[in-house]
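Worksheet: one structure, shown below.
The values are calculated or read from the model by the stated rules, or taken from the named source; none is laboratory data. Every value quoted in this text rests on a predicted model; they were computed, and no experiment measured them. No Cβ is skipped: glycine too gets one built from the backbone with ideal geometry, and neighbour counts run over all protein chains shown. When the accessible area is computed, the model is the full protein with side chains, heavy atoms only, and any ligands, DNA or RNA have been set aside. Shrake-Rupley method; radii C 1.70, N 1.55, O 1.52, S 1.80 Å.
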Amino acid sequence: MGAAIVRRLIAAGHQVTGWNRSEEKAASLRALGMGWATSPRELAARSDVMISILTDAKALEQVVSGPDGVLEGIRAGAVLADMSTISPESSRAVAATAAAAGATMLDTPISASLATLEAGNASIMVGGDAAAFERLRPVLLAIGPKVTHIGANGQALFVKLAINLALVVQVVSFCEAVAMAEKAGIKREVAVDAFLKSVVASPVLGYRGPFILEGRMPETAWADVNLQQKDVLLALELGRKVGVSLPLGAVANEMLNAARAMGLQDRDFAVVYEVYRTLGGMR
């Protein structure tokens, strides 16, 4: 996702400097004209706007406030836009640390697959200072055309976790229903085609539904089981804290657990279809 974001920013004419824990992964972006910083500290010293997208809160904290981190080189008035999907509490804590250093951090989670991002259809939600959001808006619009200011710090992540919960539940439900059709004797490709032409079709099923067909699962997962389960667990914990029952999310989480138990944790999470095939005696 980070690489695709950089490509869109460069294509829009922005001057981009990057840093990644694995420098070799940035080679193709440097060939496109991306500058390189040797540390988050150096990147911060050269930037007025920074965008981060990391696996979890621990990684974000390390990059922002760890040794040679962003806050050691931050410019006064700089804006940090964090696109990581982490808990609202963790994001607010990092934002408070940034504010103490004279910087402004916004939570700017992105809702997109690689396909929708590259096609220019990503949506971005923003939580934090409204003035900083207006300053950042032109940069975010270069990444995706649908940018919404949700409210205060952390609130964009509330919405992102709710969206991801609905996304996982929808894909798991799709896998369950197609497995039922296949067990009834309908060819899987026929069932998938019918689903994608029906009233239950949606953007996420449009690009992820075909993954369950023979030979269509991507070699490199768009969102593997472990990564997607991280988001579901964050949503379930958020539901517990605010006092909302999330029974469908809990069931979807158990199907992801089953996929992990089958050794499928590194595959795209649509691989939960194989769990249903196993339960239905079709493997």
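Quick rundown of the values:
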{"read-out": "Whichever residue in the stretch 216-235 is out of contact with any Asp or Glu (no Cβ under 9 Å at 6 or more places or on another chain) and free of Cβ contacts under 8 Å to residues at least 40 places away in the same chain and, among such residues, is most open to solvent (accessible area, probe 1.4 Å)", "value": "Glu219"}
{"read-out": "Some residue of the stretch 72-92 being touching a residue at least 40 places away in the same chain (Cβ under 8 Å) and among the charged types (D, E, K, R)", "value": "yes"}
{"read-out": "Residues of the stretch 129-174 satisfying the condition of being more than 18 Å from the chain's Cα centre (by Cα), aliphatic (A, V, I, L, M) and open to solvent by 40 Å² or more (accessible area, probe 1.4 Å)", "value": "Ala130, Ala131, Ala152"}
{"read-out": "Candidates Glu189, Glu274, Glu254, Glu214 - the one that is of a type outside the set (A, V, I, L, M) and assigned to a loop (DSSP other than H, G, I, E, B)", "value": "Glu214"}
{"read-out": "Residues satisfying the stated conditions in the stretch 239-272, i.e. touching a residue at least 60 places away in the same chain (Cβ under 8 Å) and open to solvent by 30 Å² or more (accessible area, probe 1.4 Å)", "value": "Leu246, Leu248, Val251"}
{"read-out": "Residue list for the stretch 196-206, restricted to those being open to solvent by 50 Å² or more (accessible area, probe 1.4 Å) and outside any loop (DSSP other than H, G, I, E, B)", "value": "Leu196, Pro203"}
{"read-out": "Subset of the stretch 164-184 [β-branched (Val, Ile, Thr) and under 30 Å from Ile86 (Cα atoms)]", "value": "Val168, Val169, Val171, Val172"}
{"read-out": "Some residue of the stretch 224-235 being assigned to a loop (DSSP other than H, G, I, E, B), over 25 Å from Ile186 (Cα atoms) and at pLDDT 95 or above", "value": "no"}
{"read-out": "Qualifying residue in the stretch 90-103 (condition: open to solvent by 30 Å² or more (accessible area, probe 1.4 Å), touching a helix residue (DSSP H, G or I) at 6+ places or on another chain (Cβ under 7 Å) and not in a helix (DSSP H, G or I))", "value": "yes"}
{"read-out": "Qualifying residue in the stretch 38-49 (condition: over 16 Å from Ala103 (Cβ atoms) and more than 22 Å from the chain's Cα centre (by Cα))", "value": "yes"}
{"read-out": "Residues satisfying the stated conditions in the stretch 67-85, i.e. open to solvent by less than 10 Å² (accessible area, probe 1.4 Å), among the small types (Gly, Ala, Ser) and not in a strand (DSSP E or B)", "value": "Gly69, Ala78, Ser84"}
{"read-out": "Flag for Ala26 being part of a helix (DSSP H, G or I), more than 27 Å from Arg92 (Cα to Cα) and among the hydrophobic types (A, V, I, L, M, F, W, C)", "value": "yes"}
{"read-out": "Single unsatisfied condition, Ile186 versus (1) aliphatic (A, V, I, L, M); (2) in contact (Cβ under 8 Å) with a residue 12 or more places away in the chain; (3) open to solvent by 50 Å² or more (accessible area, probe 1.4 Å)", "value": "(2)"}
